[in-house]
Amino acid sequence: MIMDVSVYLAVFAVCVFMASFYQKVIIGTRIRGISVEKASLGAAIYCMIGCVFIFPVIAMYGLRYGIGADYFNYERIYNTVHGASIGEYWTFHRRDIDVFYVEPAYYILNRIFPSYRALLWGMGILYFSLFLLAVKDYSRRIAIPYALFVFLSTQFIYSLNATRFAVALCFLLLGYNALAKDKTWKFVVCVLAGALFHKSALFCLALIFLKKYRYKQVNSVRNIALFCLIVLFPLASRYLLLIAEKLPVFERYFSTIRYSASGTMDGGWKWLLHVVPVFLPLLFLCRKEIFGQEDTKIYFRICIMEVPFRMMGLLNTWYTRTARFAQIAQVIFVPLVISKVTDKRKRGLLYLYYIAWYVFYFAYYAIVNDQGDSLPYVCIFFR
């Protein structure tokens, strides 16, 4: 198993190195008079060049065979909906018939691509392009290679299993970027775009309350309410789910037995191992860097929402995926906080600590949580 994990880590290392070169040479240059950082067309060029530099991991995404628990299920979805007309899709989609439950954006991609293999490549390019767009505005403040490393370590294996959900997460990361800049409308647009791939992203509309408000009193009340929500979540969770059950958009989830919530939270405190090693060092060593500026405070509030989302998994293990709504914010939050540390020795130790942590986290998830569904890696040419 360790050798199988090493294959992924080796590809990650190559891409992280290439991303470092990409950030130093490409970011901030002008291509045919177009500013890569400001122009809308520049964003497209930025993504195209970025995908070239991290091509090995995109190839790993597109050339896999049988990797991921839902690999063959997604192949069946493609074979079923690829030839379905819009009218046929919409009729069956509203009735939740078979694989037609998939959201509209994913249906459109299944229609566009000529084969399932082409769809895998297309989803891989879309997935990493969204990541590149999410870190674009921070390209002069954080180390893009480090953000890529956090992204791959926490999200890549999962993206091989839950393709639609993984793309929705990338749209959410874009939205968090907008929320940190007080662009509420853009955040809403990103959440809605994510919902077109996986409707559960709509839950994140509630995170709009984590933004900065004009009046300090409102921010103070919100912070107290957030603290109370986290502390009292085991008591409030059941009632919140009862409300969610009444919403038509989530009816399919709660009408299925495997998605139903238990009456009480079953399980121990192992879920804390997902969050404590990430936040405890930063809270002890980087309080000024976290709470000194509004963007990091907003990202921190988003990140700690992983606590109640993790606790939802105690009601039903399927709900654990909601923790990724908050976890993906670490991709920008951790590199951004460390980049603000002025003491070079302290900053270097933090970089090393989080490298070690995320390598361990990746290996643990791939071997234990993923139950080996993505190990060993199998390429289409050597199946």
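The values are calculated or read from the model by the stated rules, or taken from the named source; none is laboratory data. Remember, it's a predicted structure, so these values are computed and weren't measured experimentally. Neighbour counts run over all protein chains shown; Cβ positions are idealised from the backbone, glycine included. Each accessible area value is taken on the protein alone, full model and side chains, heavy atoms only, with ligands, DNA and RNA left out. Shrake-Rupley method; radii C 1.70, N 1.55, O 1.52, S 1.80 Å.
Just checking, how many residues over the range 77-108 are without any contact (Cβ under 8 Å) to a residue 40 or more places away in the chain, within 14 Å of Phe197 (Cβ to Cβ) and open to solvent by 40 Å² or more (accessible area, probe 1.4 Å)?
1
Matching residues to (1) among the aromatic types (Phe, Trp, Tyr); (2) touching a His at 6+ places or on another chain (Cβ under 8 Å); (3) outside any helix (DSSP H, G or I):
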| residue | (1), (2), (3) |
| --- | --- |
| Met60 | no, no, no |
| Gly66 | no, no, yes |
| Glu88 | no, no, no |
| Thr91 | no, no, no |
| Tyr107 | yes, yes, no |
| Ile125 | no, no, no |
| Tyr138 | yes, no, yes |
| Arg141 | no, no, yes |
| Val150 | no, no, no |
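Where residues in the range 109-123 are outside any loop (DSSP other than H, G, I, E, B) and aromatic (Phe, Trp, Tyr), which of them is least open to solvent (accessible area, probe 1.4 Å)?
This residue is Tyr116.
So which residues in the range 139-181 are in contact (Cβ under 8 Å) with a residue 40 or more places away in the chain and touching an Asp or Glu at 6+ places or on another chain (Cβ under 9 Å)?
Passing the criteria: Ser139, Arg140, Ile157, Tyr158, Leu160, Asn161, Ala162, Thr163, Arg164, Asn177, Ala180, Lys181.
Can you spot a residue in the range 135-158 that is closer than 25 Å to Ala206 by Cβ, among the small types (Gly, Ala, Ser) and open to solvent by less than 10 Å² (accessible area, probe 1.4 Å)?
The answer is no; no qualifying residue exists.
Of the residues in the range 56-76, how many are out of contact with any strand residue (DSSP E or B) (no Cβ under 7 Å at 6 or more places or on another chain), under 18 Å from Asn110 (Cα atoms) and open to solvent by 10 Å² or more (accessible area, probe 1.4 Å)?
Residues meeting the conditions: 6.
Out of everything in the range 311-332 that is of a type in the set (Phe, Trp, Tyr) and modelled with pLDDT under 95, what residue ends up being least open to solvent (accessible area, probe 1.4 Å)?
For the range 311-332, the residue satisfying everything is Tyr319.
Being open to solvent by less than 10 Å² (accessible area, probe 1.4 Å) and over 24 Å from Tyr146 (Cβ atoms) narrows it down to one of Pro335, Pro308, so name that one.
Step by step, each of Pro335, Pro308 is checked, and only Pro308 is open to solvent by less than 10 Å² (accessible area, probe 1.4 Å) and over 24 Å from Tyr146 (Cβ atoms).
Looking at Ile112, Ile142, Ile97, Ile108, can you tell me which residue is in contact with a Pro (Cβ under 9 Å, 6 or more places away or on another chain) and not basic (Lys, Arg)?
The conditions single out Ile142.
Hey, among Tyr61, Tyr71, which residue is within 24 Å of Cys379 (Cα to Cα), within 21 Å of the chain's Cα centre (by Cα) and modelled with pLDDT under 95?
Every option except Tyr71 fails the conditions.
Take the residues in the range 176-191 that are more than 15 Å from the chain's Cα centre (by Cα) and β-branched (Val, Ile, Thr), then tell me which one is most open to solvent (accessible area, probe 1.4 Å).
It comes out as Val189.
Kindly evaluate Leu350 against the criterion of being of a type outside the set (Ser, Thr, Tyr), crowded, with 17+ Cβ neighbours inside 10 Å and modelled with pLDDT of 95 or more.
When the stated conditions are applied, Leu350 passes them.
What tally of residues in the range 350-370 results from selecting those that are over 27 Å from Ile144 (Cβ atoms) and in contact (Cβ under 8 Å) with a residue 12 or more places away in the chain?
Number of matching residues: 1.
Within the range 45-55, how many residues turn out to be within 12 Å of Val14 (Cβ to Cβ) and more than 20 Å from the chain's Cα centre (by Cα)?
1
Yes or no, residue by residue, for (1) under 21 Å from Phe21 (Cβ atoms); (2) of a type in the set (A, V, I, L, M); (3) within 11 Å of the chain's Cα centre (by Cα):
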residue	(1), (2), (3)
Arg111	no, no, no
Tyr116	no, no, no
Trp121	no, no, no
Lys136	yes, no, no
Arg140	yes, no, no
Leu160	no, yes, no
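Of everything in the range 267-290 that's open to solvent by 90 Å² or more (accessible area, probe 1.4 Å) and part of a helix (DSSP H, G or I), which residue is farthest from Tyr353 (Cα to Cα)?
Checked the range 267-290; the qualifying residue farthest from Tyr353 (Cα to Cα) is Lys270.
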